Amino acid sequence: MRNVTETVKQLIIINVLFFVGTLALGDVAYKYLALYFPENPSFQFWQPITHMFMHGGYMHIFFNMFALYSFGSALESFWGSKKFLFFYISCGLGAALLHTGVNYYYFQEGLNTLISHGFQKQEILQLLNEGKINTRWQEILTVSDFQNFTSAYMGTAVGASGAIYGTIVAFAFMFPNAELALMFIPVPIKAKYFVPGLVLIDLYLGISGQSIFGGGGIAHFAHVGGALFGFIIMWYWKKNQFNQNRWN
């Protein structure tokens, strides 16, 4: 089994400490450290960073930290700690950016529809800030538009998944023929096939609003955002023959 590298180890420790803290503090921790919609009064400028160290449950943090250990250690071994940390945080911020951008689109689309039917923006925001809705909204918006509108404003995002997706994209970029043995698939799959397939599935689920396991609450566009930023950074570094010594 590969030894865990220093930065990856520190990231895992920080994530675990945050998780233990949320178990003790509960909703108070999520209120201040999870990522809220920018127009929501609970939004704070530090949340794009802190949200990537928060997790919603034991399985959530386990799979993210296992992926960080599995793929991140390989990258840090080649890049060094500074370059890897820059990449990891950048992908996490990219995930937050795309997630927030998609939520902004959903919110504005619903808001404009309601305003066109005679509702006042201030009235709408006041109800949402109180955690309430007007049942008449459901008569105007479609089921999916109503869900996207309300969840965009009142929902939160937590997890390192965006940064993790960027990390596995980088792994596939550097080791395309590495065979990945997956828990639920008995046949090893090369990284260059597995990673694009995984991202495309997330993109489809994000657009369709569906879930493979029948549940909700997964920020698919955050996954796609982390993967996209990871690809852009890797493409830029390869194109410009990035000098790794700069980071050491």
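Here are a few things to note about the model shown:
- Qualifying residue in the range 104-118 (condition: among the charged types (D, E, K, R) and modelled with pLDDT under 95): no
- Candidates are the residues of the range 190-207 that are hydrophobic (A, V, I, L, M, F, W, C) and open to solvent by 60 Å² or more (accessible area, probe 1.4 Å); the one that is modelled with the highest pLDDT is 200.
- Failed criterion for residue 43 (all others in (1) in a helix (DSSP H, G or I); (2) closer than 30 Å to residue 131 by Cβ hold): (1)
- Yes/no for residue 67 being touching a Lys or Arg at 6+ places or on another chain (Cβ under 8 Å) and at pLDDT below 95: no
- Selected residue [surrounded by 18 or more Cβ atoms within 10 Å (Cβ to Cβ) and part of a helix (DSSP H, G or I)] from 49, 12, 89: 12
- Condition broken by residue 31, with the remaining ones in (1) open to solvent by 60 Å² or more (accessible area, probe 1.4 Å); (2) under 15 Å from residue 162 (Cα atoms) satisfied: (2)
- Scanning the range 118-152 for residues that are open to solvent by 70 Å² or more (accessible area, probe 1.4 Å), in a helix (DSSP H, G or I) and among the charged types (D, E, K, R) turns up 121, 123, 139.
- For residue 38, the conditions (1) over 29 Å from residue 235 (Cα atoms); (2) open to solvent by 40 Å² or more (accessible area, probe 1.4 Å); (3) of a type outside the set (Asp, Glu); (4) free of Cβ contacts under 8 Å to residues at least 60 places away in the same chain all hold with the exception of (4).
- Filter result for residue 228 (among the aliphatic types (A, V, I, L, M) and modelled with pLDDT under 90): no
- The range 1-55 - residue that is among the hydroxyl-bearing types (Ser, Thr, Tyr) and over 30 Å from residue 111 (Cα atoms) and, of those, farthest from the chain's Cα centre (by Cα): 5
Yes/no per residue for (1) in contact with a Ser or Thr (Cβ under 8 Å, 6 or more places away or on another chain); (2) on the phi < 0 side of the Ramachandran plot:
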| site | (1), (2) |
| --- | --- |
| 23 | no, yes |
| 26 | no, no |
| 37 | yes, yes |
| 54 | yes, yes |
| 67 | yes, yes |
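- Qualifying residues in the range 153-178 (those that are touching a Lys or Arg at 6+ places or on another chain (Cβ under 6 Å) and not in a helix (DSSP H, G or I)) - the one least open to solvent (accessible area, probe 1.4 Å): 176
- Taken together, 29, 96 contain a single residue that is more than 26 Å from residue 172 (Cβ to Cβ) and of a type outside the set (Phe, Trp, Tyr), which is 29.
- In the range 52-86, the residues that are crowded, with 19+ Cβ neighbours inside 10 Å and outside any helix (DSSP H, G or I): 54, 55
- Within the span defined as the range 172-190, every residue fails to be basic (Lys, Arg), within 27 Å of residue 98 (Cα to Cα) and more than 17 Å from the chain's Cα centre (by Cα).
The values are calculated or read from the model by the stated rules, or taken from the named source; none is laboratory data. Just so you know, these numbers come straight off a predicted model, no measurement behind them. Here Cβ is always computed from backbone atoms with ideal geometry, including for glycine, and neighbour counts include all displayed protein chains. All accessible areas refer to the heavy atoms of the entire protein, side chains included, with ligands and DNA or RNA removed. Shrake-Rupley method; radii C 1.70, N 1.55, O 1.52, S 1.80 Å.
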